[in-house]
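The values are calculated or read from the model by the stated rules, or taken from the named source; none is laboratory data. This is a predicted model, so every value here is computed, not measured. Every residue, glycine among them, receives a Cβ derived from its backbone with ideal geometry; neighbour counts consider all protein chains shown. The accessibility values were calculated without ligands, DNA or RNA, using every heavy atom of the protein model including side chains. Shrake-Rupley method; radii C 1.70, N 1.55, O 1.52, S 1.80 Å.
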Amino acid sequence: MQRFLFLFLCLTGYQLSAQSYAELLGYPKDAKVLILHVDDVGMSHDSNLGAIEAIENGVANSLSMMMPCSWVPGFQKYLEKHPNIDAGLHLTLTSEWDNYRWGPLAGKPAVPGLVDEQGALWSSVRATASHASADEIETEIRAQLDRSRTMGWEPTHLDSHMGTLFARQDYLERYLKLGMEEGIPVMFPGGHNTMIMETAGSTGLTLEITTAIGKQLWGAGLPVLDDLHNVSYDWKGEEAISEKELQRYKTKNYIESFEKLMPGITMVIMHCTWPTEVFTEISNSGQTRKGDMLAMTDPDLKKYIEENNIILTTWRELKKRRDAIK
């Protein structure tokens with residue numbers, strides 16, 4: 001990470017105040033500004049249905065797609081009818097399920113270190129980090145961006161499936177490099193990072209380092225997050241819980257977690273899915289994913305957001321605001 005610290009120090013004549021990135025983009029000083037973001041779109045038909053439900057009939061307002069997965073073309077049809085939706089790339093470097101798997105878009109000859117004995121991407125972050133070089137990582141994430149553009153979609157942002165791009169310093173460098181070179185905002189918490197520093201596992205990223213990287217991204221003309229909310233996947237609820245109980249449980253947890261957030265721009269990560277009988281053949285995570293969808297469509301959550309003056313924004317809006325700053 002020293003390279004990023006060095007690059008930032010070389011940005012002559014550029015300084016940031018102690019303001020949050022939300023303030024720098026024109027939001028009120030004390031405002032909680034949220035991106036309610038749905039991951040894993042394109043992974044399955046059920047994932048697509050859940051994302052659409054959470055956005056059309058709920059408060060979710062952003063999503064990202066897993067370009068190596070089979071149901072991306074199905075979601076592309078939705079994008080064609082909704083060209084202003086906030087849709088980025090969920091850069092995918094693992095294939096974690098037992099019976100439903102996908103391989104790298106770049107192909108095995110180009111990225112052999114990303115491919116396991118089944119010809120798919122490795123099933124864990126640890127395995128990927130043990131086998132794949134940074135050059136292979138960059139080749140694959142560029143291939144995923146290329147597919148999006150080939151399909152006619154310019155992504156609003158980039159983020160990382162299972163956090164793989166945060167697993168190694170050289171992976172993180174290639175991820176940030178892609179965003180800065182292409183002018184695409186990247187999911188990276190570079191602000192006060194109050195919540196993510198309390199809840200995330202160790203990545204070797206200290207607040208000093210994340211602050212420096214945040215300043216570098218801002219200096220490259222990109223918007224920057226003040227914090228990251230990435231805890232809802234662990235809110236599973238009791239087994240055999242009713243749909244209404246699951247909705248109440250998830251909504252309660254979201255509200256309690258929002259209460260703890262500091263002012264600034266926070267991306268809230270979730271996995272909204274409408275699981276059918278087929279989804280159980282893919283993953284055992286259907287309940288927590290369905291709970292996310294139910295929470296996003298819960299009138300009580302919408303009411304809480306409105307009554308507490310929480311501002312909802314998107315990556316598209318953040319980039320527009322950043323572009324307006326000289």
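Filtering the stretch 138-164 to residues that are assigned to a helix (DSSP H, G or I) and either at positive phi or touching an Asp or Glu at 6+ places or on another chain (Cβ under 8 Å) (or both) leaves Leu145, Ser148, His161, Met162, Gly163. Taken over the stretch 37-59, the criterion of being touching a strand residue (DSSP E or B) at 6+ places or on another chain (Cβ under 6 Å), open to solvent by less than 10 Å² (accessible area, probe 1.4 Å) and not in a helix (DSSP H, G or I) is satisfied by His37, Val38, Val41, Gly42. Just one of the listed residues (Leu93, Leu105, Leu34, Leu63) is outside any loop (DSSP other than H, G, I, E, B), in contact with a helix residue (DSSP H, G or I) (Cβ under 6 Å, 6 or more places away or on another chain), surrounded by 19 or more Cβ atoms within 10 Å (Cβ to Cβ) and not acidic (Asp, Glu), namely Leu63. In this structure, does Thr210 turn out to be free of Cβ contacts under 8 Å to residues at least 24 places away in the same chain, open to solvent by less than 10 Å² (accessible area, probe 1.4 Å) and within 20 Å of the chain's Cα centre (by Cα)? Here the answer is yes, as Thr210 does meet what is asked. Considering the stretch 174-201, the residues that are farther than 19 Å from Asp146 by Cα and part of a helix (DSSP H, G or I) include one that is most open to solvent (accessible area, probe 1.4 Å), namely Glu198. Among the residues of the stretch 307-326, those that are farther than 24 Å from Tyr233 by Cα and either assigned to a helix (DSSP H, G or I) or modelled with pLDDT under 95 (or both) comprise Glu307, Arg316, Glu317, Leu318, Lys319, Lys320, Arg321, Arg322, Asp323, Lys326. Does Gly204 satisfy the condition of being loosely packed, with under 15 Cβ neighbours inside 10 Å, under 28 Å from His131 (Cα atoms) and in contact (Cβ under 8 Å) with a residue 60 or more places away in the chain? Criteria met by Gly204.
Here's the yes/no breakdown for (1) under 18 Å from Arg248 (Cβ atoms); (2) at pLDDT 95 or above; (3) of a type in the set (Asp, Glu):
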site: Thr266; (1), (2), (3): no, yes, no
site: Met270; (1), (2), (3): yes, yes, no
site: Thr273; (1), (2), (3): no, yes, no
site: Asn284; (1), (2), (3): no, no, no
site: Thr288; (1), (2), (3): yes, yes, no
site: Leu294; (1), (2), (3): yes, yes, no
site: Leu301; (1), (2), (3): yes, yes, no
site: Ile305; (1), (2), (3): yes, yes, no
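Looking only at residues that are in a loop (DSSP other than H, G, I, E, B) and in contact with a helix residue (DSSP H, G or I) (Cβ under 7 Å, 6 or more places away or on another chain) in the stretch 242-262, which one is least open to solvent (accessible area, probe 1.4 Å)?
The extreme case among them is Leu261.
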